[in-house]
Structure formats: structure tokens, C-alpha cells
1. Restricting to region 99-116, and then to whatever is polar (S, T, N, Q) and surrounded by 12 or more Cβ atoms within 10 Å (Cβ to Cβ), can you tell me which residue is nearest to THR85 (Cα to Cα)?
2. Evaluate the following for ILE115: is it under 21 Å from GLU52 (Cβ atoms), at pLDDT 85 or above and more than 21 Å from the chain's Cα centre (by Cα)?
3. Restricting to region 39-58, count the residues that are surrounded by 16 or more Cβ atoms within 10 Å (Cβ to Cβ) and free of Cβ contacts under 8 Å to residues at least 60 places away in the same chain.
4. Looking at (1) modelled with pLDDT under 90; (2) surrounded by fewer than 18 Cβ atoms within 10 Å (Cβ to Cβ); (3) among the polar types (S, T, N, Q), which one does SER125 not meet, given that it meets all the others?
5. I'd like the full set of residues that are surrounded by 18 or more Cβ atoms within 10 Å (Cβ to Cβ) and in contact (Cβ under 8 Å) with a residue 60 or more places away in the chain, limited to region 60-78.
6. What are the residues in region 55-76 that are within 22 Å of the chain's Cα centre (by Cα), closer than 25 Å to SER143 by Cβ and outside any loop (DSSP other than H, G, I, E, B), if any?
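The values are calculated or read from the model by the stated rules, or taken from the named source; none is laboratory data. Computed from a predicted model, the values in this text were never measured in an experiment. Glycine also receives a Cβ, built like all others from the backbone with ideal geometry; neighbour counts cover every protein chain displayed.
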Amino acid sequence: MSRSETGFTLIELLITIAAVGILSISTATLIIYLVQLFLYAPIELKVDQVAEEVLNTIIEGDQDKRGLRFATDITTAQDNRIVFTNAEGKSIDINWDSLEKRLTRQVDGGTIEAIPEYIGDIEVSGVDNIIFKYYDSLENLLSTPVGSQSLGSIKRVKLEIIVNRPSASPLAPYLKVTSSVATPLNN
């Protein structure tokens with residue numbers, strides 16, 4: 001007497017489960033990649049763009065407001081503020097606003113403007129809340145604030161910033177860019 005049984009063997013079930021698992025892993029990998037590409041990449045790009053613009057504005061300046069690279073004299077040197085005279089004779093005051101976490105620039109006592117102007121929900125801060133570090137000709141770090149008698153000994157200014165977007169999705173990685181630029185002074 002023969003019995004006809006219908007159903008799946010244990011081997012068939014295990015092979016099916018393994019195949020579904022492999023497809024699930026590759027699908028999840030693809031979804032994670034697409035989410036990063038379309039959601040987080042633009043955020044990272046904006047943070048990088050803001051960091052580059054901040055450094056460029058402070059160091060190079062604008063066409064009519066030359067930056068720190070063109071400094072001929074420094075009148076104030078603090079952790080979060082520097083006031084210098086550029087080659088055009090304009091007084092440039094760069095200050096970090098710790099409450100709003102933004103850098104600002106004021107030219108010849110005029111209007112205070114954010115660096116960069118379109119910063120939006122991006123925050124700029126310093127490493128350990130210090131934006132500027134000052135060095136003498138022997139590369140010794142000068143203590144801040146640099147006293148008026150030591151301002152003439154500043155030969156290099158190091159600028160370190162952290163740029164992040166704290167309002168990004170909680171699922172997004174913490175976006176942080178740290179840049180450091182040494183700028184020789186022409187004094």
C-alpha cells in the first residue's frame with residue numbers, strides 16, 4: 001500500500017529560509033545605502049560647504065574685505081575674537097558668538113554679519129570652545145588673551161572650527177567637521 005504525502009521536507013524548508021535571509025540582508029544593505037545617499041549626504045555636503053566658506057571668509061576674506069592672510073597688524077587676540085587691520089587699512093573684527101554658536105565679522109565698526117551669511121541651522125564652534133590660537137616666531141603657543149605688549153610677537157594664527165547640524169534626524173550620524181589652518185601674518 002502506498003501513501004501519497006504532500007508537504008515540504010526539512011531540507012527544503014532550511015534552504016528556503018537561507019535564501020530569504022540572504023535576500024533580506026542584501027535588500028537591507030541597499031536600503032541603508034539609499035537612505036544615506038538621499039537623506040544624509042546632502043546634510044554632510046552642506047556642513048562641508050559651510051566649513052569651507054567659514055575658513056575662506058576668515059582667511060582670504062572677500063574682494064572688498066581682505067581676510068587674515070592679509071593682516072598687517074593685530075589689535076586684539078583672544079580665544080574667540082581677533083581684531084586686525086588688513087592690507088587695505090580696514091579694521092576687521094571676527095568674533096565667535098557662543099550663545100548662537102556662530103562666527104561674525106564686523107568691518108570698520110559697521111554692520112555685524114554672520115559668517116557665512118546663509119548659515120541657517122548650522123552651528124559653528126571651536127575645539128574646547130577656542131577658535132583662535134596664536135604662535136610666535138619660534139612656534140610657541142602664546143597664552144590668551146594676548147597682552148598689548150605681546151601682540152607684535154604674533155607670527156601665526158591657527159584657526160580651528162567644528163561645524164555641525166544638531167537638528168539633523170536622530171538617526172543621522174553626528175555631523176562634525178574639524179578644520180585647522182595656519183596663517184602666516186605679514187608683520
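1. Keep residues of region 99-116 that are polar (S, T, N, Q), which gives 104, 106, 111.
If we keep only those that are surrounded by 12 or more Cβ atoms within 10 Å (Cβ to Cβ) as well, we get 104, 106.
Values: THR104: 16, GLN106: 12 Å.
Residue satisfying both the conditions and the ranking: GLN106.
2. Details: under 21 Å from GLU52 (Cβ atoms): yes; at pLDDT 85 or above: yes; more than 21 Å from the chain's Cα centre (by Cα): no.
In short, no.
3. Of the residues in region 39-58, the ones surrounded by 16 or more Cβ atoms within 10 Å (Cβ to Cβ) are 40, 43-44, 46-47, 50-51, 53-55, 57-58.
Next, only the ones that are free of Cβ contacts under 8 Å to residues at least 60 places away in the same chain stay: 57.
Summing the residues that are surrounded by 16 or more Cβ atoms within 10 Å (Cβ to Cβ) and free of Cβ contacts under 8 Å to residues at least 60 places away in the same chain in region 39-58 gives 1.
4. Every condition holds for SER125 apart from (2).
5. LEU68, PHE70, ALA71, ILE74, ALA77
6. Within region 55-76, LEU55, ILE58, ILE59, LEU68, ARG69 qualify.
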